[in-house]
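Data first, discussion second: the structure below is written as structure tokens.
The values are calculated or read from the model by the stated rules, or taken from the named source; none is laboratory data. All values derive from a computational prediction rather than experimental measurement. Positions of Cβ are backbone-derived with ideal geometry, glycine not excepted, and every protein chain shown enters the neighbour counts. The area values use the complete protein model at the heavy-atom level, side chains included, leaving out ligands, DNA and RNA. Shrake-Rupley method; radii C 1.70, N 1.55, O 1.52, S 1.80 Å.
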Amino acid sequence: MLHHMTSEPEQQIGVGTQDAFQRLWTPHRMAYIQGENKPTGPGADDGCPFCSIPAKSDEDGLVIKRGEQVYAVLNLYPYNGGHLMVVPYRHVADYTDLTVAETAELGELTKQAMTALRAASGAHGFNIGMNQGSVAGAGIAAHLHQHLVPRWGGDTNFMPVVGHTRVLPQLLADTRKMLAEAWPTA
């Protein structure tokens with residue numbers, strides 16, 4: 001039995017039929033659901049967060065590594081602890097529109113991110129990919145970004161499967177610091 005949990009259901013007025021489930025509230029997710037920080041249009045000047053992040057400090061922008069063409073940044077709404085993205089500085093929507101230099105550095109920072117995540121958190125595997133276009137699931141389709149989601153054996157447990165809830169054991173600022181310190185120097 002977890003601390004402060006009882007076997008008796010708690011009466012919660014106004015939330016539907018009483019059940020035996022405890023609630024893990026994640027109000028910070030409401031910002032994502034409501035589209036906070038989403039661009040108002042497709043242009044770089046339409047509030048694109050990926051265009052504004054590079055002007056911030058690494059700590060404030062959650063930037064882990066800055067390259068010449070792309071940068072690595074933590075996802076504000078992660079699927080797992082350590083979920084990061086590799087993003088070109090240039091406001092470009094489609095992978096086929098990347099320059100040769102951008103493509104090469106995106107690949108190199110992806111490799112470095114895997115190395116850092118393995119060193120810092122012991123990740124067993126990764127989901128790596130891009131959603132091209134809003135119909136493919138891109139939350140910010142106007143600015144290309146590649147996701148790296150670290151995975152561990154047994155990390156798909158009852159919380160996301162049954163409870164539709166992610167449990168993240170570390171604050172983003174602490175994760176950023178840990179990964180920045182573990183980032184390879186080559």
Looking only at the stretch 124-144, how many residues end up being over 15 Å from the mean Cα position of the chain (by Cα), in contact (Cβ under 8 Å) with a residue 24 or more places away in the chain and open to solvent by 60 Å² or more (accessible area, probe 1.4 Å)?
2
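Do the conditions hold for residue 157, that is, is it modelled with pLDDT of 90 or more, open to solvent by 50 Å² or more (accessible area, probe 1.4 Å) and farther than 25 Å from residue 181 by Cβ?
Numbers: modelled with pLDDT of 90 or more: no; open to solvent by 50 Å² or more (accessible area, probe 1.4 Å): yes; farther than 25 Å from residue 181 by Cβ: yes.
No, not satisfied.
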Of all residues in the stretch 97-121, which are within 17 Å of residue 180 (Cβ to Cβ) and open to solvent by less than 50 Å² (accessible area, probe 1.4 Å)?
109, 110, 112, 113, 114, 116, 117, 120, 121
Looking only at the stretch 80-96, filter to residues that are closer than 18 Å to residue 183 by Cβ and small (Gly, Ala, Ser); which one of those is most open to solvent (accessible area, probe 1.4 Å)?
81
Go through (1) of a type in the set (A, V, I, L, M); (2) open to solvent by 50 Å² or more (accessible area, probe 1.4 Å); (3) within 17 Å of the chain's Cα centre (by Cα) for residue 53 and report which single condition fails.
(2)
Just give me the residues in the stretch 53-70 being over 18 Å from residue 38 (Cβ atoms) and among the charged types (D, E, K, R), in sequence order.
58, 59, 60, 65, 66, 68
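So which of 99, 115 is in contact (Cβ under 8 Å) with a residue 60 or more places away in the chain and farther than 24 Å from residue 56 by Cα?
Working: 99 fails: in contact (Cβ under 8 Å) with a residue 60 or more places away in the chain.
The match here is 115.
Where residues in the stretch 64-79 are in a loop (DSSP other than H, G, I, E, B) and open to solvent by 30 Å² or more (accessible area, probe 1.4 Å), which of them is nearest to residue 129 (Cα to Cα)? Spell out the reasoning first.
Let us first name the residues in the stretch 64-79 that are in a loop (DSSP other than H, G, I, E, B), namely 67-69, 75-79.
This time we only want the ones that are open to solvent by 30 Å² or more (accessible area, probe 1.4 Å), so: 68-69, 76-77, 79.
Details: 68: 21, 69: 18, 76: 17, 77: 16, 79: 13 Å.
Applying the filter and picking the extreme gives 79.
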